Amino acid sequence: MPLAATDPLSIGQIARRTGVSVSAIRFYEDKGLVQPSRNAGGQRRFKRADVRRISFILIAQQLGLTIREIRDALAALPDSRTPNQADWGRISAGLRDRLDQQIDTLTRMRGRLDSCIGCGCLSLKACQLYNPQDRLSRLGAGPHMGIKDAD
Ligand code: FES
């Protein structure tokens, strides 16, 4: 018998609809990201809106949010609702700022790594990867101290 549009979904049905494994959905439940009800037999029953909620979780994970951050974003919505279009617009704008910050941090790290490529000194005093303030930059680009200098 085909499902009615309002029928709750079993964990297998929501897994098929979202492409997420059953074990991942159980994990999301353990972390409080989805909160299925239970039927009389104790089986999980998901709302149709949980398909969209899981889509949100997958996209947020792709963007680098931690499970805690995703849980916080979902918990901030009134009545534990699934993010609607306006919610997603607001949340995604915040994510863009966060991604810009991450790109900036990674770009700076890449610049520091460039000065290490081919060096290998691993100097705690000179290497910019350990030395973000780059205390020896006044001496010019590249390594200025060796491993023996780091003792
Ligand atoms: S390994 Fe980083 S400056 Fe030498």
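The values are calculated or read from the model by the stated rules, or taken from the named source; none is laboratory data. None of these values were measured; they are calculated from a predicted model. Ideal geometry is used to build each Cβ from the backbone, glycine not excepted, and the neighbour counts take in all protein chains shown.
LEU106: in a helix (DSSP H, G or I), under 17 Å from the mean Cα position of the chain (by Cα) and touching a residue at least 12 places away in the same chain (Cβ under 8 Å), yes or no? Walk me through it before giving the result.
Details: in a helix (DSSP H, G or I): yes; under 17 Å from the mean Cα position of the chain (by Cα): yes; touching a residue at least 12 places away in the same chain (Cβ under 8 Å): no.
Judged against the criteria, LEU106 is not a match.
If I filter the stretch 72-92 for residues that are at pLDDT 85 or above, more than 30 Å from ARG48 (Cβ to Cβ) and basic (Lys, Arg), do I get at least one hit?
no
Among ALA73, ALA93, ALA60, which is the only one that is surrounded by 12 or more Cβ atoms within 10 Å (Cβ to Cβ) and out of contact with any Phe, Trp or Tyr (no Cβ under 9 Å at 6 or more places or on another chain)?
Unique residue meeting the criteria: ALA60.
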